[in-house]
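Remarks on the structure that follows.
Computed from the coordinates by the stated procedures, all read-outs in this text should not be read as laboratory data. Predicted model only: the values in this text are computed from it and were never measured. Note: ideal-geometry Cβ built from the backbone for every residue, glycine included; neighbour counts use all protein chains shown.
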Protein chains: 2
Amino acid sequence: MKTQHSASSTHTKILETASRLFYEQGYHLTGINQVIAEAGIAKASFYYHFSSKEDLCIAYLEKRHQDWFGWLREEVERSEEPQERLLSLFTFLELWLANSDFRGCAFLNITAEFPSPENRIRLLVLNHKDALQAYIAQLVDSLDIPASGNNSAYLINAIYLLFEGTICKCQMYRTTEFIKNTRETVSQLIS
Amino acid sequence: MKTQHSASSTHTKILETASRLFYEQGYHLTGINQVIAEAGIAKASFYYHFSSKEDLCIAYLEKRHQDWFGWLREEVERSEEPQERLLSLFTFLELWLANSDFRGCAFLNITAEFPSPENRIRLLVLNHKDALQAYIAQLVDSLDIPASGNNSAYLINAIYLLFEGTICKCQMYRTTEFIKNTRETVSQLIS
DNA sequence: TTTTATCCAGACAGGTTTGTCTACAATTTG
DNA sequence: CAAATTGTAGACAAACCTGTCTGGATAAAA
């Protein structure tokens, strides 16, 4: 046995392997034995770090939230202009979706897999989507638009829905081709 | 045994039970033994009518497509004016989503559950979504809009995405409250 | 009426799943 | 250095899964 017990290398290894597999294959089509085999750890180590498959799922979603928002911000913050930033949300989708084999949104997917998700999972989903809408709202508020309260809310809602709709369409059609049309629509909406 | 072998009553019973359970619980969380128990049939009957669980899934999606489009058309065709009809797509979502416990779109859900859906399932999903977009296109084309070819395609794409985005948001947030905002946005888009 | 189709009850089989447990071994901490 | 922490291999157990099969019984068709 030549294992290095660095702070939490095994914990990280499990989480990263499971995150990849849960996202790629779906939660229910991924068994813990596969996670264990691919992470190259012992079953006892798995249960040393995570008390159940479901706890691992929670950790997966928490990690996913951080990772995904990091990717999103990274792309958006390449632009300086508020309008550019808003449009880059859709540029981000083009890049991210194509790079993730059109697997779509982890939070949407888990919602489909858990019809009555227990409260923990549902809270993570809502937290993620709240954060996304807040981010869109922030970008919209940075615009120089004569948007009265109501108008701004409509716009934020619409952009959010276009965003989610785009994720779904790409996931099903396995293409990002139409996103330039969507970006153009959003461009018109904000001008 | 006092069972009536009407044309396909057992086949229908299986399909309806499975359809309900697959939609409510998800495909992978529904085992065939539950379908059998709730349909009140014998296992041999199940396999007499469907050669596998997957074949049942195909039948489920085919039935779902017919049913769902029936519901959609029924609501839309209550309006006469083209504009009214387009907006009633979102009225339909309000009614349907609230009445289906916010369980969302069966086709989206199955896409999440089958990351690499085998071809048959994927074809059914795409067929359903193609039909939906064609329907939206038909409604848009009935409008009296000076829409050049490109403009019309943008509009159809946007409305479709708002539609899908709405389904997702309602599924996650378990509310239809925001749909009136969305309907207003669509109203502005088409005028 | 006979034949065919459809249905029943449920045992069986092999496989998979998640989680528990044991007896160490290796590494880190105090 | 000893104690605590973390990791190993993998057996075990119960439950569940999908699909096969048997020997009828019932209903419909010819």
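Against the empirical 2.2 N^0.38 Å (N residues), the protein assembly as shown has a Cα radius of gyration ratio of 1.07.
Can you tally the net charge around B:L87? Count Lys and Arg as +1, Asp and Glu as -1, for every other residue whose Cβ sits under 13 Å from the Cβ of B:L87. Taking every other residue near B:L87 into account, the sum is -2.
Across chain B, Cα-Cα distances exceeding 24 Å account for 46% of all pairs. Tell me the net charge near A:S152. Cut-off is 14 Å between Cβ atoms, A:S152 excluded, with +1 for each Lys or Arg and -1 for each Asp or Glu. Charge balance near A:S152 sits at -3.
Across the copies of the chain, B:G31 has label points (7 Å from Cα along Cα→Cβ) spaced 1.4 nm apart, shortest distance listed first.
Overall form of the range A:1-50: prolate. Here a/c, set by the Cα gyration tensor axes a ≥ b ≥ c, is 1.5 or more, and a/b is the larger of a/b and b/c. With R₀ fixed at 41 Å, the C-beta to C-beta distance from B:Q25 to A:E84 puts the FRET efficiency at about 0.40.
For chain A, the longest piece that avoids every one of the GluC sites (Glu not before Pro) found in DSSP loops with at most 16 other C-beta atoms within 10 Å covers A:1-76.
Considering only DSSP states other than H, G, I, E and B, which trypsin sites (Lys or Arg not before Pro) in the range A:20-128 qualify as loop sites with at most 14 other Cβ atoms within 10 Å? The qualifying sites are A:R78. Once C-alpha pairs closer than 8 Å and six or more residues apart are averaged by separation and normalised to the residue number of chain B, the relative contact order reads 23 percent. Each copy carries a label point for A:I145 at 7 Å from Cα toward Cβ; from one copy, the others' points are 1.8 nm away, ordered from shortest. Our helix-only sum for chain B, with -39,500 (n - 2.57) per DSSP H run of n ≥ 4 divided by its residues, gives a mean residue ellipticity at 222 nm of -24500 deg cm²/dmol.
Averaged over peptide A:165-175, the number of partner chain Cβ atoms lying within 10 Å of each residue's Cβ comes to 6. Non-local lysine pairs in the range B:38-191, meaning eight or more places apart or on different chains, with alpha-carbon distances under 25 Å, amount to 9.
Inter-copy label distances at B:Y173, using a point 7 Å along Cα-to-Cβ, come to 2.5 nm with the shortest given first.
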